[in-house]
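Chemist: Right, I'll just put the structure down here and ask away after.
The values are calculated or read from the model by the stated rules, or taken from the named source; none is laboratory data. Predicted, not measured: the structure shown is a model, and the values here were computed from it. When we count neighbours, we look across all protein chains shown, and the Cβ atoms used for this are built from the backbone with ideal geometry, even at glycine. Note: areas computed on protein heavy atoms with side chains; ligands, DNA, RNA excluded. Shrake-Rupley method; radii C 1.70, N 1.55, O 1.52, S 1.80 Å.
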Amino acid sequence: MTSWSIIDYFLRPKPAYFAIARELRPYTVGIMRKEHKEYANERTLAHFTITSKLEIWGTNRTLEPKRATLQGTSFDLELPDWSDQWEMNVILTPNASTELWTGKVPGQPVRTRESQVPKAIVVSARLLDEDGTILGRCSNWWVST
């Protein structure tokens with residue numbers, strides 16, 4: 001039997017409870033991965049490039065601006081020796097969602113055919129308070145289509 005509940009009969013939280021609780025915190029971070037297809041010219045659909053792009057945003061449910069550090073980490077599931085890390089200072093706008101970073105997926109090459117499988121790169125982002133406390137976190141897993 002399938003249930004949409006977030007707690008079981010004995011009032012123990014299910015995994016969905018923790019995901020919902022994380023998204024309802026005062027500060028959160030989110031990631032979206034998109035495939036961007038660009039054609040060489042308008043006369044043919046045969047020549048194109050596919051670029052994997054990321055959008056990272058943060059939300060602030062409080063009424064005060066929040067200074068934080070955005071920390072990004074990427075790693076390849078098939079190449080354990082490769083990883084990428086970066087961080088930047090950000091200000092979260094009060095009572096709003098703020099676009100923090102947009103760019104290419106680190107380590108993901110540009111593809112020129114639909115049959116080329118993208119690398120299995122996992123991207124994670126964390127928002128850190130000035131004292132190093134984690135305010136929010138999110139991971140974006142590569143999904144085969």
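Chemist: Which one of GLN108, GLN116, GLN85 has the biggest mean-square fluctuation once the chain is modelled by GNM with Cα springs under 10 Å?
Modeler: Looking only at GLN108, GLN116, GLN85, the largest GNM fluctuation is found for GLN116.
Chemist: When the Karplus curve 6.51 cos²θ - 1.76 cosθ + 1.60 is applied with θ = phi - 60°, which whole-Hz ³J(HN,Hα) does each residue of the stretch 60-75 get, with x for Gly and Pro?
Modeler: 10, 8, 8, 9, 10, x, 10, 7, 8, 10, 8, 10, x, 9, 10, 8
Chemist: Sticking with this structure for a sec: Order ARG126, ARG67 by their accessible area, 1.4 angstrom probe, all chains in place, largest first. Intermediate values should be presented prior to the final figure.
Modeler: On the way: ARG126 85, ARG67 145 Å².
Sorted by accessible area, descending: ARG67, ARG126.
Chemist: Assign one of three labels to the stretch 7-67, namely rounded, prolate or oblate, based on the Cα gyration tensor with a ≥ b ≥ c the square roots of its eigenvalues; rounded applies when a/c is under 1.5, prolate when it is not and a/b is larger than b/c, and oblate otherwise. Mind showing how you got there, number by number?
Modeler: Working: a/c = 6.33, a/b = 2.03, b/c = 3.11.
Cα axes put the stretch 7-67 in the oblate bin.
Chemist: THR112: accessible area at probe 1.4 Å, nearest 10 Å²?
Modeler: 70 Å²
Chemist: What is the distance in Å between the Cα centroid of the stretch 1-44 and that of the stretch 67-97?
Modeler: 18 Å
Chemist: Leaving out ligands, DNA and RNA but keeping every protein chain, what accessible area does ILE50 have, in Å² rounded to the nearest 10, with a 1.4 Å probe?
Modeler: Surface accessible to solvent at ILE50 totals approximately 10 Å².
Chemist: How large, in Å, is the stretch 21-128 by the Kirkwood hydrodynamic radius built from its alpha-carbon pairs?
Modeler: Details: mean 1/r = 0.0636 Å⁻¹.
It is 15.7 Å.
Chemist: Eight or more residues apart or on different chains, and alpha-carbon atoms under 26 Å: count the Lys pairs in the chain matching that.
Modeler: Lysine pairs, 8 or more places apart or on different chains, close enough: 9.
Chemist: Run the numbers on the chain and let me know its relative contact order in percent, using alpha-carbon pairs under 8 Å that are six or more apart.
Modeler: Numbers: 291 pairs, mean separation 36.1, N = 145.
The value is 25 percent.
Chemist: Relative contact order of the stretch 102-145: what whole-number percent is it, with Cα pairs under 8 angstrom and at least 6 residues apart?
Modeler: On the way: 40 pairs, mean separation 13.3, N = 44.
Answer for the stretch 102-145 is 30 percent.
Chemist: Name the most mobile residue of TRP57, TRP101, TRP86, meaning the one with the largest mean-square fluctuation, in a Gaussian network model of the chain with Cα contacts below 10 Å.
Modeler: Ranking TRP57, TRP101, TRP86 by mean-square fluctuation puts TRP86 first.
Chemist: Which order do VAL110, VAL143, VAL105 take when ranked by solvent-accessible area (1.4 Å probe, heavy atoms of all protein chains), largest first? Let's see the in-between values first.
Modeler: Numbers: VAL110 70, VAL143 105, VAL105 5 Å².
Putting VAL110, VAL143, VAL105 in descending order of accessible area: VAL143, VAL110, VAL105.
Chemist: I need the peptides 90-96, 30-36 ranked by packing, meaning the mean over residues of other C-beta atoms within 10 angstrom, with the highest value on top.
Modeler: Ranking the peptides 90-96, 30-36 by packing returns 90-96, 30-36.
Chemist: Which one, GLY107, TYR17, ILE50, projects farthest toward the positive side of the charge dipole computed for the chain from Cβ point charges (K/R +1, D/E -1)?
Modeler: Farthest towards the positive pole: TYR17.
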